[in-house]
Amino acid sequence: MRTLNLSVHTLVDFVLHSGDLDTRVFNLETMTRGTQMHTFYQAKQNQKYLAEYALEYTFEYENHLITLQGRVDGVIVNANEVIIEEIKTTNSDLDVFFNNHERWHLGQAKCYALMYALRFNLETIDIQLTYISQIDERKMLKRYTFSKDELQKDINSYFGEYLSFFYQVEKYEKKRTKALNALAFPYDSIRTSQKIMMEQVEHALEHEHKIYFNAPTGSGKTMAVLYPSLKVLADKSDTKIFYLTAKGSGKAQAENALRVTRAKALVKSTTVNAKEKMCLNDKIACNPDECPYAVNYYGKVRAALIDAFRSEDDYNNETIMKYATKHNLCPFEYQLDLTLLSDVIIADYNYLFDPFVYLRRFFDKKIGNYIALIDEAHNLPRRVMDNYSLVLDFTPFYGFRKVLKGPEHKKIRRIINRIVKDINEYTEGIVSEFETILEFPNELRNSLERFLVVGSEYMQDQGADLVEGFSDFFFDVNKFLKILDLVDEDFVLYTEIDEERTFFPKFYVKCLNGAKFINEVLGGIDHALFFSATLAPAPYFKTMLDIEDDIHQVPNPFKKDQLLIMVDDGTSLYYKDRAETLGEVAAKIKAAISVKTGNYIVYTPSFVYLEHLEKELGNNEEYDMIVQRQGMTDVEKEAYLESFTLSPSKTRLGLAVLGGSFSEGVDLVSDRLSGVIILGVGYPPPSFEKELEKEYFDNKLNDGISYAYVYPALNKILQTMGRVIRSENDYGFILLMDKRYNFNPYRAQLKSYDGILVQVRNANRIGEILSRFFLN
Ligand code: SF4
């Protein structure tokens, strides 16, 4: 006999779930409201009502012992009857909702009813499906009576259907375990840095909850974290490996590493991409009225999952699109469902750390041993702060008020007018363009909550005729109110008004420190491995990631003399001095790039400076210039990078903005990049928001300037410096220009950086030093 533990949800959702994908009906707002109404309804029942009653029963089915578990919403025990109750709330029409989902809901209740009947030896049992409207709290009750035998027959049919697929999963898992156990390190050779890092990873996967690595470029960190994690999967077959990245380049590296692994072993992975990238519809409107790929999504997805599972292991963009198109399904939602059948999930940080996007399938209820591999982890604190920072812009109201005329819009118009009134009254007290506020106005908040209730019904009534922008605004309000509930001392609220007061104000909620949210997420993870080439400066990341232990330093795979770091701390790049020093800067750049024909990038403090420098450097026969422009498309960005070719016959000089698209994730190996010149120290310009950060860290750590300005800037510089040496055989130079490199923490950080560090003050010296460097 084989044993299997199964939740009622897993069984019934797999076998019986059908119907449309519809974000108007199933969204965060309806889920939250549903939970509240659920609890409220249960609390109002009498003493004979057993709420959230836990049931478990072990069934013998074919050669399996299946332990089924779950919690029924309620059990009503009367003198001569027992009723199993399932409660469903919806913002949809109750009859429509019931007709669409009866089979699914009833199937769930049948499982509980059978478990109860078997446990208490009942021959017949009643079921009640209770539907409650989230709009007006109207109720609709549906009653059924079943004999124990009828229920057993139905549940057996669910087991049969589930097991037919489960056998395939089981077979795959056995083959995978065997292959992974036999898997040697997938690359031909193993680097020293990789070996050292892997030993620490292996130890952490056995004994630690969290570990942090500063692993320089070229240290082979992707495979160093992935290979030991796959070995854990061989050992514990319920392991799920989440490879989380901040950028597309990180995903590509993980995909490559898995491709190499897959040539020698069996492993299934899904690469999750953003909705904007995956959507097959002409606009993102996830409901059956506006998107054919949403129609009966749940009825079609099972066959599509089985189809892909049988034939593919690499669920990348191409595979997902192929099967989604074949089965006429939304590819975005389909890829999320595929993650459940995958060993490794490659995704953006948001799928773990964004409160609105995270993979609920895994984290609402833990279903295995989870390993999170967090790539380029220096991006995480800022990303989490951004996830919890929102702006509520009321501008769309102008459009809505103009077009929503007529009786069918009366109800929603009334609530929109109320919101406008609340805003106008509140705005009277605002005087400055930006103002912090202690609390979000209570009346406006109540009106917005009412807007969500009325708006959700309105969206469904309007269907495809819904006015443009309404659903976006609806979900913005929804998110904003959710974040407002979390506001504490790590947040700040403020308003922005335009000077002429022609627009409604914008309301901002800004998270200043996301460490506790990161910790909350990690509470649901068994092992979290953070790695980055620049988890520095250490004090900053220790605070922002709440790191208690040391950050492990992985040795550099290249020799010190492969990198020359020249510091010109005689040139001022202070904002006030930039016009004056521009000529001198241009002369030094020319001196640096004229020694050897090669590829170079100059990073400037801003786009304005970049334009001035472009003019100053001008057309020159000695080099071809390529310049970063604002708002470049992906294709243009790719063309920019492609222009840096191997063994160039003429010097290529790129101009780019420090901290922009070409400062990070750019991988120009060998002589595709021989040097970078960094102008300035990367300070962000002062702004209202930056000053709020400074004030917060002044209060918290008495060091606002460092945390708001200096540390993030220094991290940006270190990232940019990392563009030069990309592999073990690369060599090149970095020229840093600004007086502020003479001060700490820059000075101290540069001293500990692997490379030959020299001070340069004039163009001739730059030329001399570089001639010697390139000669060697
Ligand atoms: S295809 Fe696009 S619009 Fe349709 S459900 Fe998917 S994401 Fe939404």
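When Gly429 is tested against (1) open to solvent by less than 70 Å² (accessible area, probe 1.4 Å); (2) free of Cβ contacts under 8 Å to residues at least 12 places away in the same chain; (3) under 29 Å from the mean Cα position of the chain (by Cα), exactly one condition is not met: (3). Against the criterion of being out of contact with any Lys or Arg (no Cβ under 9 Å at 6 or more places or on another chain), open to solvent by less than 20 Å² (accessible area, probe 1.4 Å) and in a helix (DSSP H, G or I), Phe166 does not qualify. Across the range 749-775, the number of residues qualifying as among the polar types (S, T, N, Q), farther than 12 Å from Leu735 by Cα and within 45 Å of the chain's Cα centre (by Cα) comes to 2.
Among the residues of the range 404-423, is any in contact with a Ser or Thr (Cβ under 7 Å, 6 or more places away or on another chain), among the β-branched types (Val, Ile, Thr) and farther than 24 Å from Tyr494 by Cβ? Working first, answer last.
Applying the first criterion (in contact with a Ser or Thr (Cβ under 7 Å, 6 or more places away or on another chain)) to the range 404-423 yields 415, 418-419, 422.
Then keep just the ones that are among the β-branched types (Val, Ile, Thr); that gives 415, 419.
From what's left, farther than 24 Å from Tyr494 by Cβ: 415.
Yes, the range 404-423 contains at least one residue that is in contact with a Ser or Thr (Cβ under 7 Å, 6 or more places away or on another chain), among the β-branched types (Val, Ile, Thr) and farther than 24 Å from Tyr494 by Cβ.
Scanning the range 251-302 for residues that are near the ligand (Cβ under 8 Å from one of its atoms) and either under 19 Å from Lys322 (Cα atoms) or part of a helix (DSSP H, G or I) (or both) turns up Lys275, Met278, Cys279, Leu280, Asn281, Cys291, Pro292, Tyr293, Ala294, Tyr297.
Residues checked against (1) within 17 Å of Phe353 (Cα to Cα); (2) of a type in the set (A, V, I, L, M, F, W, C):
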site: Lys482; (1), (2): yes, no
site: Pro505; (1), (2): no, no
site: Val509; (1), (2): no, yes
site: Glu520; (1), (2): yes, no
site: His527; (1), (2): yes, no
site: Ala538; (1), (2): no, yes
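Within the range 579-595, can one find any residue that is part of a strand (DSSP E or B) and either open to solvent by 10 Å² or more (accessible area, probe 1.4 Å) or not aromatic (Phe, Trp, Tyr) (or both)? No; the residues of the range 579-595 include none that is part of a strand (DSSP E or B) and either open to solvent by 10 Å² or more (accessible area, probe 1.4 Å) or not aromatic (Phe, Trp, Tyr) (or both). With respect to the conditions (1) farther than 21 Å from Glu255 by Cβ; (2) within 16 Å of the ligand (Cβ to nearest atom), Phe332 lacks only one, and its number is (1). Go through the range 705-740 residue by residue and tally those that are more than 25 Å from the chain's Cα centre (by Cα), within 26 Å of Gln562 (Cβ to Cβ) and aliphatic (A, V, I, L, M). Number of matching residues: 7.
For Leu617, are the conditions met, namely being touching a Gly at 6+ places or on another chain (Cβ under 7 Å) and either open to solvent by less than 10 Å² (accessible area, probe 1.4 Å) or β-branched (Val, Ile, Thr) (or both)?
Spelling it out, it is not the case that Leu617 is touching a Gly at 6+ places or on another chain (Cβ under 7 Å) and either open to solvent by less than 10 Å² (accessible area, probe 1.4 Å) or β-branched (Val, Ile, Thr) (or both).
In the set (1) open to solvent by 10 Å² or more (accessible area, probe 1.4 Å); (2) out of contact with any Leu (no Cβ under 8 Å at 6 or more places or on another chain); (3) farther than 30 Å from Lys542 by Cα, the condition left unmet by Leu305 is number (2).
Of all the residues in the range 353-384, those that are in a helix (DSSP H, G or I), under 28 Å from Asn715 (Cα atoms) and open to solvent by less than 10 Å² (accessible area, probe 1.4 Å) number 5. Scanning the range 664-694 for residues that are surrounded by 15 or more Cβ atoms within 10 Å (Cβ to Cβ), at pLDDT 90 or above and either over 28 Å from the mean Cα position of the chain (by Cα) or among the hydroxyl-bearing types (Ser, Thr, Tyr) (or both) turns up Arg672, Leu673, Ser674, Gly675, Val676, Ile677, Ile678, Leu679, Gly680, Val681, Tyr683.
Number of residues in the range 313-345 that are under 19 Å from the mean Cα position of the chain (by Cα) and open to solvent by 40 Å² or more (accessible area, probe 1.4 Å) equals 2. Of all the residues in the range 335-351, those that are part of a strand (DSSP E or B) and under 17 Å from Lys236 (Cβ atoms) number 2. Taken over the range 99-118, residues that are modelled with pLDDT under 95 and either open to solvent by less than 30 Å² (accessible area, probe 1.4 Å) or more than 35 Å from the chain's Cα centre (by Cα) (or both) amount to 2. Set side by side, the residues Asp476, Asp461 differ, and just one is among the acidic types (Asp, Glu) and out of contact with any strand residue (DSSP E or B) (no Cβ under 9 Å at 6 or more places or on another chain), which is Asp461. In the range 566-587 there is at least one residue matching the filter, namely being at pLDDT 95 or above and within 30 Å of Lys221 (Cα to Cα).
Only one of the numbered conditions (1) farther than 30 Å from Glu161 by Cβ; (2) among the polar types (S, T, N, Q); (3) touching a strand residue (DSSP E or B) at 6+ places or on another chain (Cβ under 6 Å) is violated by Asn316, and that is (1).
The values are calculated or read from the model by the stated rules, or taken from the named source; none is laboratory data. Keep in mind that what you see is a predicted model, and the values were worked out from it rather than measured. Here Cβ is always computed from backbone atoms with ideal geometry, including for glycine, and neighbour counts include all displayed protein chains. Accessible surface areas use protein heavy atoms only, side chains included; no ligands, DNA or RNA. Shrake-Rupley method; radii C 1.70, N 1.55, O 1.52, S 1.80 Å.
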